[in-house]
Structure formats: structure tokens, C-alpha cells
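*Asks:* Below is a structure I'd like to ask you about.
The values are calculated or read from the model by the stated rules, or taken from the named source; none is laboratory data. Keep in mind the model is a prediction, meaning the values are calculated, not measured. Glycine also receives a Cβ, built like all others from the backbone with ideal geometry; neighbour counts cover every protein chain displayed. Only protein heavy atoms, including side chains, enter the accessible area calculation; ligands, DNA and RNA are left aside. Shrake-Rupley method; radii C 1.70, N 1.55, O 1.52, S 1.80 Å.
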Amino acid sequence: MWSSKRTISAGDTVIVWITRDSIEPLVVTPDAVLHNKFGVYPHNDLIGLPYGAKVQSKTGGRGFVYVLRPTPELWTLALPHRTQILYLADISFVVNWLNIGRGKRVVEAGTGSGSFSHSVARSIGDTGNLFTFEFHEQRAMKAKAEFAAHGLDRIVRLQHRNVCKDGFGEDIENSIDAVFLDLPAPWDAIPHAKKVLRKDAVARICCFSPCIEQVIRTVSALNDAGFTEITMYETLLRPIEVTAVPKLPSIEDATERLKQAEIRREDKRQKQIKANREKEAQDKAKKANVVVGEKRKHPDGEPITEIDNAEGSPLVLDDAEEGVEPKRVKTQDSAGVVENTMNIDPPSLSSNLTPVPEPLPAPLPVINSASIDLGTKSRTPSSSSPGPVGSKMSVSKALSEVRGHTSYLTFACLVPYGYALHSGDATSTADSTSGADVANVSEGGEANNGKSIAPSAVSVPSTTETSTENAEPGKKAD
């Protein structure tokens with residue numbers, strides 16, 4: 001498949017990896033030039049380079065691409081789409097379930113763009129055969145040319161045929177290990193698929209359908225044809241994001257950092273408490289001082305003086321009339337009761353209202369880092385400490401999105417009656433079997449792998465009690 005050489009030669013098919021979402025196939029042609037938004041890349045510069053090389057742009061910028069060796073996985077991402085294709089998630093699941101391996105003979109109906117064909121061709125190897133059929137003539141011609149260019153024409157045999165009407169051909173009847181149907185109406189091709197499946201071993205079939213209505217009709221056709229173990233799956237992808245992050249600190253380092261953070265938090269809290277208490281003391285001292293206000297006049301033009309006493313109640317004095325008792329000012333306490341302030345002799349007011357500040361409260365001691373006994377020893381590097389600065393570790397995270405094109409895979413098995421009989425699966429009564437019959441069966445019957453079956457493991461249907469449950473569909477047990 002493709003080139004097995006280490007370096008790129010003229011005429012080879014390579015995969016140009018431009019970005020994660022931009023991958024293109026390229027046939028290396030002398031004197032040709034590849035142009036893209038990242039630069040210019042002459043084909044002559046690719047000749048002689050090893051696969052996987054990084055190629056810089058000739059325009060002098062920082063653009064570059066990678067030239068990779070083609071694989072079925074990369075070809076699935078880079079191939080020219082002529083139809084809807086199968087991707088790696090579906091392909092790997094189908095190949096595994098159909099038990100496709102080296103030397104197997106496989107039938108594919110619906111070649112399309114050849115994505116599934118390339119993966120099957122690699123799985124069966126040079127000793128296997130893939131018989132693929134395409135209804136559309138132009139698509140069949142293009143796929144056939146691709147198989148020949150990739151060196152798969154000896155493994156893959158492509159035919160332009162309508163298998164739903166004409167079948168798969170008489171030359172491959174009773175010789176196929178697995179059948180894959182990627183058709184709009186797979187139920188029409190199931191009777192023809194049963195003819196080509198081998199009758200001396202368990203054969204498998206898979207139908208790829210995008211709609212559940214197709215699955216329902218397909219399952220009905222499989223039941224009518226005598227297939228067993230019918231199951232249906234839907235394959236979805238959940239991407240996993242892998243990133244490089246700095247290594248996590250050890251338990252000792254994390255504990256020490258938490259303790260240091262707690263010390264800083266306590267220092268800050270004590271400073272805030274001290275600042276709040278100092279502010280409260282200053283506010284109380286200001287309230288204790290008696291401040292004599294400026295003179296102002298009554299509405300009738302007479303000057304008055306407003307003075308605050310120690311309790312904060314205003315005293316209104318009339319300087320024009322000496323020896324007159326000052327006016328009582330009504331005040332209201334917190335309970336809403338109106339009271340009269342006491343009479344104060346104006347001449348003795350200035351001498352008795354000398355402000356006496358209250359003593360400041362003693363500030364709280366500030367706790368610093370040195371005053372807290374952590375009860376820990378000095379930090380010493382441990383075996384669990386992180387490595388040198390810059391060392392990183394890989395962390396994976398499952399993304400919330402799920403990718404998939406919601407297509408359904410319907411699987412089934414065809415177990416021939418003769419194979420089930422020789423495998424000991426037929427329902428019978430051992431007491432009604434004669435020794436001569438057991439000997440005849442053990443001489444002529446062999447398992448699928450060429451191993452002889454022991455006479456004690458063989459079950460032959462009784463001649464007196466006939467059962468049709470395990471008989472081949474459409475036929476009655478003798």
C-alpha cells in the first residue's frame with residue numbers, strides 16, 4: 001500500500017498536514033508548486049526528504065507544512081469526498097465486529113469514496129480479497145483509479161453493479177467471511193448476501209444506515225433470512241483534551257504555603273482592628289470637646305451665641321442682655337420625650353467648659369509571623385517536592401461536546417445448521433444416538449479450524465423426536 005521507502009520520490013502520494021483541520025493529499029510531481037495561505041512549496045524540494053519532514057515556505061515567512069506517509073487513517077481525513085464516508089470510529093468498530101483479519105474474504109456494497117475500502121485492504125493483507133461494488137459508474141471509475149495508484153489493485157476488485165437486483169455474482173458464492181452493506185435499501189441486498197456467505201463457518205454481516213426506519217426494515221429482513229445475534233449500535237466520539245501544566249507541589253509545600261497565607265491574613269486583621277480602635281478613640285475625643293460656635297442673629301436682628309455643652313445640647317445665649325437667664329432649648333431624647341435643658345450661668349460658662357480629652361485605649365498587640373509558633377521545622381526538600389522550575393505534566397480532560405453523525409450499525413451472524421450441528425449446538429437427546437452414528441459423524445465432521453470433534457461432544461438429532469428450532473430457515477428437519 002503506497003510507498004514503503006523511507007524518503008519521498010517523484011510520483012509518490014503524500015499527505016500534506018497544513019493545520020489540524022486542513023489535510024490534503026498530494027502527488028509529488030517534478031517542477032510543480034504547492035500554494036496555500038501559509039506559503040509556497042515547490043515539489044522539487046520535497047523529493048528526497050524523509051516522510052514526516054517539516055518543510056519551510058519559500059516566501060521567507062514563518063509558514064511551514066509537514067509531509068506524511070499515507071495511512072488509511074490519514075487518507076480518511078484527506079481523501080476527496082464523493083459521498084458520505086465512514087470515519088475511524090465506525091471503521092474500527094466494524095472491522096473488529098466482523099472479525100476481519102489477514103487472509104479474509106470480504107464483500108463491500110457501496111464503495112463511495114473508498115474510505116472503508118482502504119482500511120479493510122490493510123487488515124486483510126496480501127493474502128485476502130476485498131470485493132467491492134459501486135452502483136454509480138463515475139464513482140466506480142474514480143475509485144478504481146485510486147486503488148491502482150495506491151497499489152491496492154491486487155487486493156481490491158471493484159465492479160460496477162447494482163447488487164440489490166443483480167446480486168454479487170456466482171463466482172464468489174459460499175466463500176465470503178464478512179459482508180458490509182452501505183446502501184440506501186440494504187434489505188434488498190440481504191438475500192443476495194446470504195448466498196455469498198460461507199456455509200462451513202460462522203459468517204457475519206453489517207448494515208450501515210443513517211435512519212432508524214432503515215434499521216427497522218433491515219432487522220426484519222435479517223430475521224426472515226435466518227440471521228441470528230442481531231444487534232444495533234451507534235458510535236459517537238467524545239474528544240479528550242490533553243494539556244501540559246506545571247507539576248503539582250508536594251503535600252509539605254502546600255501545607256507550608258497555607259500556613260504562610262494564614263499568618264499574612266492574621267497580620268492584616270490585627271492591623272485593621274488597631275486602625276479601627278484608634279479611629280473610634282479620636283471620634284470620642286472630638287465629641288468630648290466643647291466648641292463655641294460663631295455668632296449669628298435672630299430673625300429679628302438680635303445677635304445670639306450658640307454653644308454646645310458636654311452633653312451635646314445647644315445653649316443659646318443673648319449677649320445683648322446681661323444678667324438675663326438664658327433660654328431653655330427643648331431637646332428630644334431617644335425615647336421621644338421632650339425635656340428642657342438646664343440653665344447655665346453665662347459668665348461661668350467659659351471657665352467650666354474646658355475640654356478634657358478622654359485617655360486613649362491601649363492598642364492591641366500586633367501579631368507578626370515571628371510571634372506565632374507553627375510547630376514545624378525548617379523546610380527541607382523532600383522526595384515528593386516538584387522538579388526543577390519549568391517541568392510540566394500532562395493532564396487530560398473530557399470535553400462536554402460529543403461528535404458523531406448519528407448513523408447506525410446493524411450486525412448479525414449467519415450460523416449454518418451443519419456447522420452448529422458439528423459444534424454441538426443442535427438440540428438432541430444423547431441416549432437416542434447409536435454408537436455407529438456417532439462414529440460416522442466424528443469421521444466425516446471437522447470443526448472450522450480443522451480440528452476433529454470428539455465423539456462424546458457430538459450431538460445428533462433423534463430419529464423419534466424431531467426439532468425444527470435449530471433447523472435451517474426455510475427447511476424442516478428430517
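*Asks:* Any chance segment 76-92 includes a residue that's over 30 Å from residue 190 (Cβ atoms) and in contact with a His (Cβ under 9 Å, 6 or more places away or on another chain)?
*Replies:* No: segment 76-92 contains no residue that is over 30 Å from residue 190 (Cβ atoms) and in contact with a His (Cβ under 9 Å, 6 or more places away or on another chain).
*Asks:* Could you please find all residues in segment 3-22 being β-branched (Val, Ile, Thr) and open to solvent by 40 Å² or more (accessible area, probe 1.4 Å)?
*Replies:* If the condition is that a residue be β-branched (Val, Ile, Thr) and open to solvent by 40 Å² or more (accessible area, probe 1.4 Å), then 7, 19 are the ones that fit.
*Asks:* Okay, moving on. Among the listed residues 77, 49, identify the single one that is open to solvent by 30 Å² or more (accessible area, probe 1.4 Å), among the hydrophobic types (A, V, I, L, M, F, W, C) and more than 34 Å from the chain's Cα centre (by Cα).
*Replies:* After ruling out the rest, the residue left standing is 49.
*Asks:* Also, quick follow-up: Name the residue, out of 91, 47, that is at pLDDT 90 or above and in a loop (DSSP other than H, G, I, E, B).
*Replies:* Result: 47 is the single residue among 91, 47 that is at pLDDT 90 or above and in a loop (DSSP other than H, G, I, E, B).
*Asks:* Suppose we filter segment 59-87 for residues that are out of contact with any strand residue (DSSP E or B) (no Cβ under 9 Å at 6 or more places or on another chain) and outside any loop (DSSP other than H, G, I, E, B); how many remain?
*Replies:* Counting residues in segment 59-87 that are out of contact with any strand residue (DSSP E or B) (no Cβ under 9 Å at 6 or more places or on another chain) and outside any loop (DSSP other than H, G, I, E, B) gives 3.
*Asks:* Still on this model: Filter segment 140-151 down to the residues that are out of contact with any strand residue (DSSP E or B) (no Cβ under 7 Å at 6 or more places or on another chain) and either open to solvent by 90 Å² or more (accessible area, probe 1.4 Å) or free of Cβ contacts under 8 Å to residues at least 12 places away in the same chain (or both) and list them by number.
*Replies:* Listed by number, the residues that qualify are 141, 142, 145, 148.
*Asks:* Shifting gears a bit: Among the residues of segment 207-234, write down those that are polar (S, T, N, Q) and part of a helix (DSSP H, G or I).
*Replies:* 214, 218, 220, 223
Residue-wise test of (1) without any contact (Cβ under 8 Å) to a residue 40 or more places away in the chain; (2) surrounded by 15 or more Cβ atoms within 10 Å (Cβ to Cβ); (3) not in a strand (DSSP E or B).
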| position | (1), (2), (3) |
| --- | --- |
| 132 | yes, yes, no |
| 138 | yes, no, yes |
| 154 | yes, no, yes |
| 171 | yes, no, yes |
| 174 | yes, no, yes |
| 179 | no, yes, no |
| 194 | no, yes, yes |
| 204 | no, yes, no |
